[in-house]
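Okay, structure first, notes after.
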Amino acid sequence: MKELNKPNICQMTELILQDTISGNLSKEQQIEIQEHIIICETCRLQQAKLKADIDNWRESSYQTKAFTIADILENSRKKKLRTKRQLTTATLFAAASLGFGIAIGVALDPSKPSATVYEAFADDYSLSLSSDEVFPVDFFNE
Amino acid sequence: MNQEKAFIQALKNKEEEAFNQLIAMYQPLLSRVIFKIVSDKDETQDLVQEVFIQVWESIAFFKEESSLKTWIYRLGINKALSYLKKKDIRMAISFHTWFSEKKPTEGLSSSNESTLSDIFRNEDHNAISAALKLLPAQQRAAFVLSKQEGLSNPEIATVLNTSISAVESLVFRAKQRLVKELLPYYQNKIS
């Protein structure tokens with residue numbers, strides 16, 4: 001019945017996993033596993049590997065570097081200071097961007113007639129060279 | 001018991017020596033539990049320190065209804081879980097996730113073999129650690145406290161601030177999910 005391209009998968013693997021991880025199998029099922037692993041090498045290897053992996057997982061531990069309360073309070077103080085600085089910088093940047101945006105908006109106000117962007121920024125009329133009020137049409141003719 | 005009360009009083013008085021003793025006592029426990037939940041060494045280092053800062057700041061509010069160990073377990077687990085929550089939110093709003101075909105939760109909930117294989121390829125962990133990463137945070141925490149720390153269900157309920165039946169359900173679902181995730185790996189690995 002085994003398919004050609006598939007590995008030899010034993011149906012007992014799931015039961016072995018449930019037994020090792022959950023540990024809530026019935027007595028009959030536990031006996032069934034014990035009897036099966038005597039004759040099935042694949043399952044015997046699977047059970048051994050699973051138990052070894054669980055033991056490794058239990059034993060594997062990461063130990064953080066040793067520190068004292070003075071060290072962590074100092075770290076915390078520095079972290080708070082850094083966060084405060086970052087927050088201040090971000091707030092100033094946001095305020096500057098907002099101010100710049102408002103300035104551009106006011107300058108480019110569509111309700112205010114202006115021929116060029118340059119004129120929009122030129123508050124000083126003497127700089128508005130194309131304005132008729134500064135240079136009347138007949139100014140050069142006189 | 002009186003010794004613990006005196007120790008807690010020393011902590012409440014912010015005696016540095018008592019705090020250093022507390023760190024020496026609980027740093028290995030917190031490192032172990034937090035690392036098993038977040039699976040990140042740098043983050044574990046930061047989170048363990050944050051737990052002790054929290055103890056320093058809030059020891060005055062410790063009502064002594066549970067043991068000091070249970071309270072510290074709770075602070076550690078809460079830190080680890082809130083870190084995972086923030087990480088999930090960051091992942092959800094990242095451009096990478098928006099434009100990738102898989103949604104963040106999709107990869108975690110799917111029980112296909114490739115997800116487990118991906119974790120193996122990226123980080124050379126053992127099968128149990130890799131499969132644990134596929135569990136939801138609460139289930140992961142309950143499983144670690146039960147299988148690794150050997151805590152009873154009532155103790156886990158106190159640490160996770162939930163009911164005993166909820167803990168039973170979390171541990172049961174965690175084990176079922178692990179069996180489901182690990183099955184293709186062990187079948188292919190050995191056969």
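None of the figures in this text is laboratory data; all of them are computed from the coordinates on show. The shown structure was predicted, so the numbers you read here are calculated from the model rather than taken from an experiment.
Quick look at the values:
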{"read-out": "Rel. contact order, % - alpha carbon contacts under 8 angstrom, at least six apart, the stretch B:1-100", "value": "28"}
{"read-out": "Unsatisfied cross-links (Cα-Cα over 23 Å) in the set B:Lys79/B:Lys147; B:Lys41/B:Lys63; A:Lys79/B:Lys36; A:Lys49/B:Lys133; A:Lys84/B:Lys12; A:Lys65/B:Lys85", "value": "B:Lys41/B:Lys63; A:Lys79/B:Lys36; A:Lys84/B:Lys12; A:Lys65/B:Lys85"}
{"read-out": "Karplus (6.51, -1.76, 1.60) ³J(HN,Hα), θ = phi - 60°, over the stretch B:172-181, in Hz, Gly and Pro reported as x", "value": "4, 5, 4, 5, 4, 5, 4, 4, 4, 6"}
